[in-house]
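Trainee: Here it is, the structure in full.
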Amino acid sequence: QQQVKQSPQSLIVQKGGISIINCAYENTAFDYFPWYQQFPGKGPALLIAIRPDVSEKKEGRFTISFNKSAKQFSLHIMDSQPGDSATYFCAAIVGGAQKLVFGQGTRLTINP
Amino acid sequence: DTGVSQDPRHKITKRGQNVTFRCDPISEHNRLYWYRQTLGQGPEFLTYFQNEAQLEKSRLLSDRFSAERPKGSFSTLEIQRTEQGDSAMYLCASSRIGEGAFFGQGTRLTVV
């Protein structure tokens, strides 16, 4: 029930391109969906987050698209840069309750 | 520095020894989480506190693991009789209720 599935496992994008990472969830009680960026040897860093009452949230080059009926959400990185090369995790949480549930991660490589 | 602080950053120990890690959360956050992450995997939930109360423990948290958060401030995670399988990055995070968590840089444990 408390599961978040993330795809793809790895992604290679050319500099300047759009990177798209997808996640799907099953538990309709989830009500907060953050994305994390992690560089090797570092802790995950909160990148951007969305609640299901909105369909899209944009912060700079990062956009979350949310489809409540399909129980899917995605991260779009516009104008991808080599410095964006990292592992990205989607996550979900039931508000006021327990733990963050993480997706399996996507290793993103931006080729210069 | 207002971020989550973890100490030590690295720990090498011999199998069978006990180790203790410390986490100082963001001061206004009442939730504190411990996660474990192995290479190439997403963070796995271990336990979390709301203030000083430990509200949930994962099945991953064997009897050799114990976590405390006295007075609802910093937290410690102790591993007794370490095994090679305990080698991992141990991540601490803190949050307000229902929001995304902010992670520390982690403690890298190597059991030799």
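Trainee: So if R0 is 22 Å, what FRET efficiency would A:Ala29 and A:Arg107 give, r being the distance between their Cβ atoms, rounded to the nearest 0.05? Working shown, then result.
Mentor: Details: r = 29 Å, r/R0 = 1.34.
Once the sixth-power term is evaluated, E becomes 0.15.
Trainee: Just need the Rg to Rh number for chain B, please, alpha carbons only, Kirkwood Rh. It would help to have the intermediate numbers written out before the result.
Mentor: Values: Rg = 13.1 Å, Rh = 13.9 Å.
Reported Rg/Rh (Cα atoms, Kirkwood Rh): 0.94.
Trainee: Okay, moving on. Expressed as a rounded percentage, what relative contact order does chain B have, with Cα pairs under 8 Å and six or more residues apart? Don't skip to the end; give the middle numbers.
Mentor: Details: 282 pairs, mean separation 41.4, N = 112.
The value is 37 percent.
Trainee: If packing is taken as the mean number of other Cβ atoms within 10 Å per residue, what is the order of A:83-94, A:23-34, highest first?
Mentor: Listed from highest to lowest mean packing, they are A:83-94, A:23-34.
Trainee: Here's a follow-up. Counting only pairs 8 or more residues apart or on different chains, how many lysine pairs in segment A:1-75 have their Cα atoms under 17 Å apart?
Mentor: Lysine pairs meeting the criterion: 4.
Trainee: Let me confirm one metric for peptide B:39-48, namely the mean number of other chain beta-carbon atoms within 10 Å of its residues' beta-carbons.
Mentor: Details: counts 1, 5, 4, 15, 11, 1, 6, 1, 1, 3.
Other-chain Cβ atoms within 10 Å of each residue's Cβ, averaged: 5.
FYI, it's all coordinate maths here, none of it is from the lab. Computed from a prediction, not measured in an experiment: that's the story for all the values here. Neighbour counts run over all protein chains shown; Cβ positions are idealised from the backbone, glycine included.
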